[in-house]
Every structure is written in structure tokens, then in C-alpha cells.
Amino acid sequence: MGITNQWKSQQHQSFIKKFLPYVFYAILPIIILRLYFYPSSLPQTSHDNQFSSFSPISITTTLSSSVSSPSVAEKETENGVLDPRSKPPEEKDSENRASHSRTPPPEEKESRNGVLPPASGPPKGKEGGDGVFPERKENEPPSICDYTNGEWVQDKRGPLYNGKNCGTIKDGQNCMGHGRPDKGYLYWRWKPRQCNLPRFDPQSFLQNLRGKHLAFVGDSMARNQLESLLCMLSSLSHPKLVYSKGDDNKFRRWHFPTHSVTVSVYWSPFLVKGIEKRNDGTQNYNKLFFDSVDEKWDSDLDSIDMVVLSIGHWYLHPAVYFDGDLVLGCHAAEGVNCTEIEFFDVFGKAFNTTLKSIIQRKGSQGNGIDVIVTTFSPHHFEGQWDKFGACPKTKPYSEDEKMLEGMDAHMREVEVVEVEKAKAMLNANIDSPKVKIAALDVTKLAMLRPDGHPGPYMYPFPFKNGIQERVQNDCVHWCLPGPIDTWNEIMLEIMKGWQISSMK
């Protein structure tokens, strides 16, 4: 009996073990379907309640289906700093019209990805009817800009000064005082396409250079730019001439007592050591030595805080080139037994020697310096220089009328390349953060202004006795006031950019 009952019990347990899994597998799908179609909300616990006052975390997906964290702007909104819901009416209207689309506009995509829009361009929809951005206000910070990309547009305001209220204009560039009859060349300004160029602010310039010494080093184009700057600054503060030496005022110095600013000019048409040709015929070519810089300005380098280098036209003259006592070659030097070489190569070598010398002197062991290289300014002679109508244009070229090419383009390229080499040298040497270098790239701007030269008005009233067949013309330098004033406007923007960078 006991054996029979034990056998029955074992048989019952075997039956349960055999059929129980089938029952489980049959019930499980029913449970899953029930929870899927009729979910039940769980009661909220006290632990959940302590987070109920916080805003939920929003996750934004991009077109690449990647999940990104909230941007800086969104985090600030959650903290109550910004409110993206308070948008301009135009933006709200556009959202209502496109409410069915979940694709954010390009600006919103960039914001959510943490990418800022380019600093060089102002907000969209702000450019004028000619597709050119308006002038930036004087108190706005400058942006990184390609100032060569633009056009000359008419400006009713005219220049900051004239030949009567500025006493530092070289006589040969005082076109208004010498009787130039047309005045249209005075009412143009350069307008970049991708950024803004504000009107020159003499207060800002002098404040930027307070207590410092600015030197212009180079040929007569450097002097032309210097005299433009002095006139622009004199609209606020009159400079005091404190030093003058050499024929034709080749070495001069002014002081602005209101801001303790010193401005000098050094005649150095090659930058490197050079012996100029003689007028007596004993030496009809220049001698250039590329192993050392010109001591006439180099001797004062320790006292200079900012230098503007501007040369070019003297490298077109006949010359013999040296490296120490070694003759490198020559250019158009008649009667000299040497190898003819292109002046482009030695032109670049002059900048290479000069910029290296400045970096070594004023770098890690020096007191620092800001360096501006003003690029080559083309001439606009049409025919012979001593005939009437040598540069007769009375308005700027458009880009469709004139292309930058040939010698002008090559000279500019050499300068820009040497500036980039110097920058690379500074970047490679972490001990030279005190030196800053930039190219003031004005070659294209200058090329488009054939109307801005003195022409026959390099002398007073050249046609008072009628038009003569022979008349001297200056189609190289610029009238003051004139297009060259723009060079100093761009230079001021470069200086502002440096100042902002130094504060970071």
C-alpha cells in the first residue's frame, strides 16, 4: 500500500513537470499582448515627486540622426538667461507658415551643434540693394575680413580734410591747391563685399597708439601714406614737427601731445642697405646689399613700437645686387659685367632679410613690435609721362574693366608670400609672441583708381598759359586727400584686431 501511494505521488509530480512549461508558454503571449494594448500607469512614488519641479531634458536630433546635447544657448534658456520663445515677429510668422516641418533652419542647426556663424559677415538681410554690406559703426569690433574683395562706391560725405586745413601735404600731391578742376575723385570710398569698413576715426587711432612710436619706412609711397595719415589725424589733433633732416624732408618726426604719440618717416627705398645712383653720371645704377638692413632706420628700431614698410618702385630701376662682397646679379645695369636676374627675386629677398631682422631684434629678447607691410601700388601711365593726358581718367575702374595681372600682381604676390613666411616663423617660435605682422593688401584697390593721381597737377596750375604739348605728370603718387586715405582706414582695422587679440 505504501509502495502504491508513493508510486502515484511520483506519477503526479512527473505530470506537473511535463505540462507546466506548456502552460507557461501559452499564458506568456497573452500577458505581453495585454500590457502592449492596455498599459497601466504606475503610481508615482515620493522619490519621483522630488524631481517633478524640474524641466524635462530635451534631446535634439540632427539630419545625421546623431544625438546632441543642448547648446550653450539652450542651457542659458533653462537657467532663465535667454528666452528663445520671444522671437521677432518675422521669425514667428515663418514658423507658423512652416509648422508642419520639423527641419530647423540653417542658423538653428548651427546653434544646436554648437557652431557659431562666421564672424566676418553681418546678419543676413542687412546688405544694401547693391549687394554690398553697409558700413560698420565705429564702436563695433572689427572682424576678420578680406578687404581686397570689394568695390569703389560713391560717397557724398567726401574726405576728412582738404588742402587748406592740413599743412603736412607734400606740394606735389596737393591737387586741390594746384587747381585740379574736377572734384569727383574725392567722393568715393572702398566698400568690402563680405564685411564692413568704417570711416576713419582719428580718436580711435591715437588712443590705440597712446604713448607709442609709429614709423613709416620705405620710399615715396611710404611718405605718401604717412602724409595722408597726418592729415586724417589733424582733423582731431594737430601734430608738432619735432625733427627734420635730409633733402626733400626724407627724415622727419612729429609728436601728438594730446596722446603722446610719435610718428616718424625714414627714407629707405630698398629696406636693406643700399647705395643710390648718382645724378652726376658716375654711377647710373643702385647698389643693394641683401645681407643687412638699412641702418638709417635699423638704428632706431628699439624705440619703434609699430612700423609700416612700403617699397617697390625703386626696384624697377637699374641695380647691382650683392650678398656681402659676392655679386648676385644685376638688373638693366649698362656697362656692368654681371648676370641679369629678375628683380622679383631680390625684391622678396629684401623683405625676407628685413622681417627676419625685425623678429630677431624685437622678438623674445626685445620689447615687441607691430609690423605692417603695405603692398605694391601700381602706376597708371597711359603713354609717355611728359605728355598731356598721361593719366586722364576721372573715375574708378570697375572689376570688369581692369584685372590685376603682370608685374603688379607679381610684386604683390612676393610681398604677401614673405609676410606669410614671417608669420610661420613666429608661429614656430613660441618665444616670439611680441611681434605681430600683417599685409596691408591694397594693390587691387590702388589698381582700380586711375583717377586719384596728381597727373599734371603735381605743379600749381599747369595750364594757366594754355595746354602745352609737353607737361610733366605724376601717375604714381596719390592726391591728398585721395584714395590712399583708405589705406589708413584698413590699417586702423588691423590695429583694432590686434588690440582685441591681445586682450584675450
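The values are calculated or read from the model by the stated rules, or taken from the named source; none is laboratory data. As the structure is a prediction and not an experimental result, all values here were calculated from the model. Cβ: placed from backbone, ideal geometry, glycine included. Neighbour counts: every protein chain shown. What goes into the accessible areas is simple: the full protein's heavy atoms, side chains included, and nothing from ligands, DNA or RNA. Shrake-Rupley method; radii C 1.70, N 1.55, O 1.52, S 1.80 Å.
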Could you list, ordered by first residue, the pairs with Cβ atoms under 7 Å in which the first is in the stretch 241-259 and closer than 18 Å to ALA222 by Cβ and outside any strand (DSSP E or B) and the second is aromatic (Phe, Trp, Tyr) and open to solvent by less than 60 Å² (accessible area, probe 1.4 Å), at least 6 apart or interchain? GLY246/TRP267; LYS250/TRP267
Can you work out which of the residues in the stretch 225-240 that are in contact with a helix residue (DSSP H, G or I) (Cβ under 9 Å, 6 or more places away or on another chain) and in a loop (DSSP other than H, G, I, E, B) is surrounded by the most Cβ atoms within 10 Å (Cβ to Cβ)? PRO239
Top-ranked residue in the stretch 355-378 [being assigned to a loop (DSSP other than H, G, I, E, B) and more than 24 Å from the chain's Cα centre (by Cα); ranked as surrounded by the fewest Cβ atoms within 10 Å (Cβ to Cβ)]: GLN365
Is it fair to say LEU316 is on the phi > 0 side of the Ramachandran plot and surrounded by 13 or more Cβ atoms within 10 Å (Cβ to Cβ)? no
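With the requirement that a residue be small (Gly, Ala, Ser) and part of a loop (DSSP other than H, G, I, E, B), what does the stretch 168-183 give you?
Passing the criteria: GLY177, GLY179.
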Can you tell me which of ASP291, ASP325, ASP370, ASP300 is among the acidic types (Asp, Glu) and modelled with pLDDT under 95? ASP325
Do you know which residues across the stretch 435-455 are open to solvent by less than 20 Å² (accessible area, probe 1.4 Å) and either more than 23 Å from VAL416 (Cβ to Cβ) or in a helix (DSSP H, G or I) (or both)? THR443, LEU445, ALA446, MET447, PRO450, ASP451, GLY452, HIS453, PRO454, GLY455
Test for ASP291: is it more than 20 Å from HIS477 (Cα to Cα) and either outside any loop (DSSP other than H, G, I, E, B) or open to solvent by less than 50 Å² (accessible area, probe 1.4 Å) (or both): yes
Please give the number of the condition LYS349 fails out of (1) part of a loop (DSSP other than H, G, I, E, B); (2) open to solvent by 30 Å² or more (accessible area, probe 1.4 Å); (3) closer than 18 Å to VAL217 by Cβ. (1)
Of (1) more than 28 Å from MET232 (Cβ to Cβ); (2) under 17 Å from the mean Cα position of the chain (by Cα), GLU415 fails just (1)
Residues that are part of a loop (DSSP other than H, G, I, E, B), modelled with pLDDT of 95 or more and open to solvent by 50 Å² or more (accessible area, probe 1.4 Å), drawn from the stretch 184-224: TYR187, ARG199, ARG210, GLY211, LYS212
Out of (1) part of a loop (DSSP other than H, G, I, E, B); (2) of a type in the set (A, V, I, L, M, F, W, C); (3) in contact with a Pro (Cβ under 9 Å, 6 or more places away or on another chain); (4) surrounded by fewer than 16 Cβ atoms within 10 Å (Cβ to Cβ), what's the single condition that is false for TRP385? (3)
